[in-house]
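Colleague: So that we are looking at the same thing, I have put the structure below in structure tokens.
The values are calculated or read from the model by the stated rules, or taken from the named source; none is laboratory data. All figures in this text were calculated on a predicted structure; none of them were measured in a lab. Reconstructed Cβ throughout: ideal geometry from the backbone, glycine too, with neighbour counts over all protein chains shown. Surface areas here come from the heavy atoms of the whole protein model, side chains and all, with no ligands, DNA or RNA. Shrake-Rupley method; radii C 1.70, N 1.55, O 1.52, S 1.80 Å.
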Amino acid sequence: MNERCFIKGNQIGIATSGRIKQAERKPNIYYYDIRHSDEDAFEPVTIEKRVIVNHFATIGVKRPIHLNRHGYLDLDENDVERLLMAW
């Protein structure tokens, strides 16, 4: 994996456009879903613990990401660029 593949200060160890089932998740990895924009299915916009609608990707990182009190964080341009490099 590219050394610049970090998101919110965490190195991305796993990145997939699919969903990762609970039974297939590795221990000691923190999993998050990426939501895409309502207007553009190819534009990731937030990172969340779980996305039901507008799921873009699932990532796994080594340390927890601290989400806001609403349960998500907006992705900035650098986050999006690094996320796309993880594939």
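Colleague: In whole Hz, what ³J(HN,Hα) sequence does the range 5-16 give by Karplus (6.51, -1.76, 1.60; θ = phi - 60°), x for Gly and Pro?
Modeller: Per residue, the Karplus-derived 3J(HN,Hα) values read 7, 10, 9, 6, x, 10, 6, 7, x, 9, 8, 8 Hz.
Colleague: Using mean Cβ contacts within 10 Å as the protection proxy, how do 65-76, 46-57 order, highest first? Can you show the working numbers first?
Modeller: Values: 65-76: 12.0, 46-57: 16.3.
Packing proxy ranking, top to bottom: 46-57, 65-76.
Colleague: Then there is this: Could you do me a favour and compute the accessible area per residue for the chain, 1.4 Å probe, result in Å²? Don't skip to the answer; put the middle values down first.
Modeller: On the way: 5790 Å² over 87 residues.
So the chain comes to 67 Å² accessible per residue, rounded to a whole number.
Colleague: Can you give the Kirkwood hydrodynamic radius for the chain, in Å, rounded to one decimal and based on Cα pairs?
Modeller: Working: mean 1/r = 0.0776 Å⁻¹.
Result for the chain stands at 12.9 Å.
Colleague: Also, quick follow-up: Along the range 25-30, what does the Karplus equation 6.51 cos²θ - 1.76 cosθ + 1.60 (θ = phi - 60°) give for ³J(HN,Hα), rounded to whole Hz, x for Gly and Pro?
Modeller: For the range 25-30, the Karplus-derived couplings read 7, 7, x, 6, 10, 9 Hz, x marking Gly and Pro.
Colleague: Okay, moving on. Taking the chain, how many lysine pairs are there with alpha carbons less than 15 Å apart, if each pair must be eight or more places apart or span two chains? Don't jump to the answer; show the numbers that get you there.
Modeller: Numbers: K8/K49; K8/K62; K21/K49; K26/K62; K49/K62.
For the chain, the number of qualifying lysine pairs is 5.
Colleague: At a 1.4 Å probe, what is the % contribution of carbon and sulfur to the accessible area of the chain? Write down the numbers at each step before the final one.
Modeller: Working: 2750 of 5790 Å².
Ligands and nucleic acids excluded, carbon and sulfur give 48 percent.
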